[in-house]
Amino acid sequence: MIVGIDVGGTNARALLIDPADNRIVARDQISSGGTGTQLIAALLKMIERLRSGSGVSVDAVGLAVAGLAHRSGVVRYSPNLPDLVEFPIGPELAKLVGRPVVLGNDATAGALAEHRMGAGRGTDNFGFVTLGTGIGTGFVLDGQLVRGASGFAGESGHMVVDLDGPVHVTGRQGPWEHFGSGNALGRMGRQAAATGGFPAGEATAGSIESITGQHVSDALAGGDHDAARIFDRFCRHVAVGVANLVMIMDLERIVIGGGLVRIGEPLRSGIRTHLGPMIVGSDHRPPVEVVLAALGPDAGALGAGLMAADLL
């Protein structure tokens, strides 16, 4: 059996996977806070619970982490997991488990899972774009998962789309993530409410400062015209980055995942509407599909498990 673990900023999600058919046999979750050593102790508890609860042996472990996950198993950088920066989580866990451990970026792992089991099936060239607190991306080109020289491929959320834009939490000025993430949607809602352009959001949230992306999406679902206007502008910002990815890599499909995928069809169609005109020569290219991810919050852990299975 294989264990795939998605280590997020708050929780770590683990899946016990049968590599014969990629079936999820069992699942577990635990807090991911603390130092690297404390996290490893927590991961060991999950692995042991999955193993003992199912009465099977574990042959390999895959870890998916948001950030610069080096091929060596060291987390070089992670804004959401500062205690893991430069920590050799892969080698340290492998020593304690006594089995091979592979480390990868969470969006890259999600792209692999969607390619083999989800919305990326049937295409050899697609981009997986996760829209949540930030933006993550993973790519399959010519049927192969793209990992890059160090394993850092896919940090597209940090590519600059406005040189004169605001400074992001990473210290970069004007990155795509600042304009097209879930945090951005909430900020756009607050900005609109501050000028009287989103009264429903202010009323629901209780104050302008409390408005989040969830308030915008809830109002959108309720047919609020102000929310629709805000959301359309948000989808345009997302499409800017997606168009750049399409033109660089000649992608034929974009799979949208992450927390915002719960919005559903309005998100998919909104991005698709703005995407076409942004792609140079769009009238002379095959249309780019935009679809919603199929694997939900399991994608990262499933992909990590698939990476571990590939080791064997």
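The values are calculated or read from the model by the stated rules, or taken from the named source; none is laboratory data. Small disclaimer: the values here were computed from a predicted structure and weren't measured. Cβ placement follows ideal geometry from the backbone for every residue including glycine, while neighbour counts extend to all protein chains displayed.
Quick notes on this one:
- Wholly enclosed helices (runs of 4 or more DSSP H) of region 150-236 bearing at least 3 residues hydrophobic (A, V, I, L, M, F, W, C) and under 18 Å from Leu267 (Cβ atoms): 182-194, 213-221
- Meets criteria (under 22 Å from Asn80 (Cα atoms) and either within 23 Å of the chain's Cα centre (by Cα) or modelled with pLDDT under 95 (or both)) for Ile30: yes
- Sub-7 Å Cβ pairs linking a first residue in region 240-255 that is closer than 14 Å to Gly281 by Cβ to a second residue that is of a type outside the set (A, V, I, L, M, F, W, C), at least 6 apart or interchain, are Asp250/Asn125, ordered by first then second residue.
- Residue within region 28-40 that is within 24 Å of Gly157 (Cβ to Cβ), crowded, with 21+ Cβ neighbours inside 10 Å, touching a residue at least 12 places away in the same chain (Cβ under 8 Å) and in contact with a strand residue (DSSP E or B) (Cβ under 9 Å, 6 or more places away or on another chain) present: yes
- Pairs meeting the criteria (first residue in region 43-63 and over 15 Å from Pro19 (Cβ atoms) and assigned by TED's automatic domain parsing to the domain that holds Asn22, second residue surrounded by 13 or more Cβ atoms within 10 Å (Cβ to Cβ) and not aliphatic (A, V, I, L, M), beta carbons under 7 Å, at least 6 apart or on different chains) are Met46/Asp28; Arg49/Asp28; Leu63/Gly90.
- Close contacts from region 168-181, counting a first residue that is farther than 18 Å from His274 by Cβ and a second that is surrounded by fewer than 14 Cβ atoms within 10 Å (Cβ to Cβ) and acidic (Asp, Glu), with Cβ to Cβ under 7 Å and a gap of 6+ residues or different chains, come to Gly174/Asp164.
- Looking at Ala239, Ala243, Ala293, Ala299, just one residue is within 19 Å of Gly157 (Cα to Cα), buried (at least 20 other Cβ atoms within 10 Å of the Cβ), touching a His at 6+ places or on another chain (Cβ under 6 Å) and of a type in the set (Gly, Ala, Ser), and that residue is Ala239.
- Filtering region 110-148 to residues that are in contact with a strand residue (DSSP E or B) (Cβ under 7 Å, 6 or more places away or on another chain), closer than 29 Å to Arg187 by Cα and not in a strand (DSSP E or B) leaves Gly110, Ala111.
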